[in-house]
1. With the cut-off at 25 Å, tell me which of the pairs K194/K368; K25/K364; K135/K194 have Cα atoms farther apart than that.
2. Round to a whole angstrom and tell me the spacing of the C-alpha centers of the stretch 199-236 and the stretch 22-65.
3. Please state, to two decimals, what the Cα-based radius of gyration of the stretch 6-130 comes to when divided by 2.2 N^0.38 Å (N = residues).
4. Give me, ordered by chain and number, the residues 5 or more places off L235 or on other chains with an amide H under 5 Å from its own placed amide H.
5. Relative contact order for the chain: what is it in percent, counting Cα pairs under 8 Å that are at least 6 residues apart?
6. Starting from the amide H of L356, placed 1.01 Å from N in the peptide plane, find each other amide H under 5 Å away whose residue is 5 or more places distant or on another chain.
7. What is the gain in length, in nm to one decimal, between D376 and S454 on full extension, counting 0.36 nm per residue of separation less the C-alpha to C-alpha distance?
8. Multiplying the sequence separation of S411 and I8 by 0.36 nm and subtracting their Cα-Cα distance, what value in nm do you get?
Amino acid sequence: MGKPTGFIEFMRRDPVYRPVVERLKDYRAVEIPLSSAEIREQAARCMDCGTPFCHGVGCPLGNLVPEFNDLIWNHRWHDAVELLWQQNPFADITSRVCPAPCESACVLGISEQPVAIRQIETALVEWGYDQGVIKPEPPTLRRAEHVAIIGSGPAGMATAHRLNQLGFSVVVYESAHRPGGLLRYGIPEFKLEKRVLDRRLDLMRAEGIIFECNVHIGDDLSYRYLTDRYQALCLAFGAREPRDLAIPGRELNGIHFAMDYLTAQNRRLQGEQATRDADLCARNRHVVIIGGGDTGADCLGTALRQGARHVVQLEILPEPPTVRPAHTPWPDWPDVLRVSSSHHEGGERRWATATLAFLSDDNKDRVKALRCVNVDWVKTKGGNQPREKPETEHEVPADLVLLALGFTGMSRNTRLPPELEAIRQCGNRPLRDETGMTAIPGIFLAGDAGAGASLAVRALADGIRIANTINLFLTPSETGDSSSC
Ligand SMILES: Cc1cc2nc3c(=O)[nH]c(=O)nc-3n(C[C@H](O)[C@H](O)[C@H](O)COP(=O)(O)OP(=O)(O)OC[C@H]3O[C@@H](n4cnc5c(N)ncnc54)[C@H](O)[C@@H]3O)c2cc1C
Ligand code: SF4
């Protein structure tokens, strides 16, 4: 334990953001990093718990939090970076986008504010890059086996990284123009600058991983091609099928899925030919975002930067409490009100509001407003259900509506070679066993594709787990058995 009285002496420092007027003029990262002296104080707040819930319960990657906090306090940043990177080789990503379940599980959080673990990680990882501690580390030995990974989001990246470390030759096939998955085309620049992602991808390339973009499995890669060249295949193509809202007026122009909208802006910023659909821009528009979660908040921040006239974010659930409620006790992930940096920038949040219909303009082709109603949530035998409140029907003006209602599973547009169709056993949610393997030996599922839409940190942890499983699958046992697809 670095400083036994640290948690008494020092207060938690919450993230500090650039001023709203300044940050709304650009898409750069909104958070201002703490100085190394401030980080040392934050690390000193760690109590080095006998049972560190941050590590064991909170972090899907099992970050060695008390250990690196102790090293920071003792001015051993080099060792701290190595320890962090060894357990979380994507700390540059997680320290920017992760909602930090480690902090929700921090023991200090029972009575005080938890340790600022995410900000400590950002500082460590940036210091590690600056000082050359984080550098390409290709494997010293190459194995004979080759593995293909389909999809270059966090799950594909983590699987590739781990397999490459183990000596396998890895090729990642990606249907988009550039690798990164939702880290590149979903999460906005102001939350994750793409230079951070590119820096990580460059490191992976320097370690020997090959990324091949603009390649669609099913269209460009036959089953025979894949099985001739690769001894195992990992499908990490995400869970991109958006949940729709089948209500009257859904066919009107001006109603889009959030991901189409966010992808268009990310592509513009990266100099890719932006989609021709000029409708995917909020400039001078009354925007309504349906869905009160993180994707909705990302749409809000983007719409404000694009110059929307007014933005409303609707959520059908009631407003959560600001303090941890009894039904999600520590160390569980708390069901509390989440306020993102975008919510401080403008817009309006409305809770317990259901959308009944989209209303059209005079030409009958474009959305003009939403007909909404306020709801109460009542306990029924089938669980909590929304019930319309009498005389609360109202209209919300909108000429751009963004549907941010989550994802239901594998994208319907994902074409697979016919021999792989067997993995669609469960509608658009493919199935795998507890090891991560599909019904076809040697074919594995990783990340959102296997577990359903979740968080980047879970996709990364799952990718590492699946890579370890593939290693076992391809490594001959002592009896001489070995498998391949
Ligand atoms: C708008 C948005 C914001 C989010 N913000 C956060 C956040 O702040 N923090 C957080 O932790 N999580 C966030 N998430 C969730 C997180 O991004 C995902 O859980 C994570 O990216 C899943 O990783 P993945 O690798 O499984 O899938 P993806 O990131 O979806 O990657 C799948 C990849 O497979 C490729 N692919 C698909 N089909 C094919 C094919 N046929 N052939 C070849 N390639 C194919 C896709 O192009 C894509 O690159 C957010 C999600 C969204 C939608
Ligand atoms: S739970 Fe919190 S206080 Fe305890 S070791 Fe982890 S970070 Fe430190």
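1. K194/K368; K25/K364
2. 33
3. Rounded to two decimals, the normalised Rg is 1.03.
4. Those lying under 5 Å, H to H, from L235 are I150, F444, L445, A446.
5. With pairs under 8 Å counted, the relative contact order is 17 percent.
6. Distant-sequence amide H within range of L356: R371, C372, V373.
7. Once the chain is fully extended between D376 and S454, it gains 25.3 nm.
8. Between S411 and I8, full extension yields an extra 140.1 nm.
Every number here is computed from the coordinates shown, using simple stated rules; none is lab data. Bear in mind that the values here come from a model prediction, so they are computed numbers and not experimental data. So basically every Cβ, Gly included, is an ideal-geometry build from the backbone, and we count neighbours across all protein chains shown.
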